[in-house]
1. With labels modelled as points extended 7 Å from the Cα through the Cβ direction, what inter-label distance (nm, one decimal) is found for ASP144 paired with LYS2?
2. Enumerate the calculated ³J(HN,Hα) couplings along the range 99-113 in order (Karplus 6.51 cos²θ - 1.76 cosθ + 1.60, θ = phi - 60°), each rounded to whole Hz, writing x wherever the residue is Gly or Pro.
3. Provide the per-residue ³J(HN,Hα) series for the range 24-41, in order, calculated from phi with Karplus coefficients 6.51, -1.76, 1.60 and θ = phi - 60°, each as a whole number of Hz, with x at glycine and proline positions.
4. Could you tell me the calculated FRET efficiency between ASP90 and LYS52, based on Cβ-Cβ distance and R0 = 45 angstrom, to the nearest 0.05?
5. Could you go through the range 127-137 in sequence order and give the Karplus-derived ³J(HN,Hα) for each residue, using 6.51 cos²θ - 1.76 cosθ + 1.60 with θ = phi - 60°, rounded to whole Hz, and x for Gly and Pro?
6. Count the net charge of all other residues whose Cβ sits under 10 Å from the Cβ of VAL146, scoring Lys and Arg as +1 and Asp and Glu as -1.
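No lab work stands behind these numbers, since they all come straight from the coordinates. Computed from a predicted structure; not experimentally measured. Neighbour counts are summed over all protein chains in view; Cβ atoms, including those assigned to glycine, are modelled from backbone coordinates with ideal geometry.
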Amino acid sequence: MKLKIRYEEKYETVEVNSEEMWVSLSLEGGENLTQEEKETMIQDAFEEKFNKPEYNNWHKFDRHRGNLKKQFRKDDEDADESDGLDTVGDYSQEEERTRKYEYEDLCQRIRAVLKPNFAEVIIAMCLDDMTPEEYAATTGEKRDTVYKRLQRAKKKFKEFF
């Protein structure tokens, strides 16, 4: 069967299987109808569901918008009364992954250049923002030992860069 589909302002004709269209449009009671009557009912149902100008106008403007479970707004207002034009995507997971990869790469570079005990103290105190007291508590050393090691590690690190 030939089905007329509205695209933009014109109709285009597509060859489809009438039995499959009958099932996909959820039409009922076609046992006593001729093939022409079935095709007419299919075309009418398709016109009603999909060939409306309102659907095509909505589709033209909204076809690229994702189906977000939660709308993210720039101004942090409630998204219920929004028309959806000022929503933004959520890239937080991607940004978190990127930060993690950059952190791991930087740690690997520091470990490649410095001795292990110097590298760990630089990573803990400069990248992880630990205080000398916190780092000393985790390693079981004195605060002054950790602070002096940090100073020597920074001096060695400056020699490489």
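1. The modelled label-to-label distance comes out at 9.7 nm.
2. 4, 5, 5, 5, 4, 5, 5, 5, 4, 5, 5, 5, 5, 6, 8
3. 5, 8, 6, 8, 10, x, x, 6, 9, 9, 6, 5, 5, 5, 4, 5, 5, 5
4. 0.90
5. So the J values, rounded to whole Hz, are 8, 8, 6, 8, 8, x, 5, 5, 5, 4, 5.
6. Details: positive: LYS142, ARG143, LYS148, ARG149; negative: GLU133, GLU134, GLU141, ASP144.
Residues near VAL146 contribute 0 overall.
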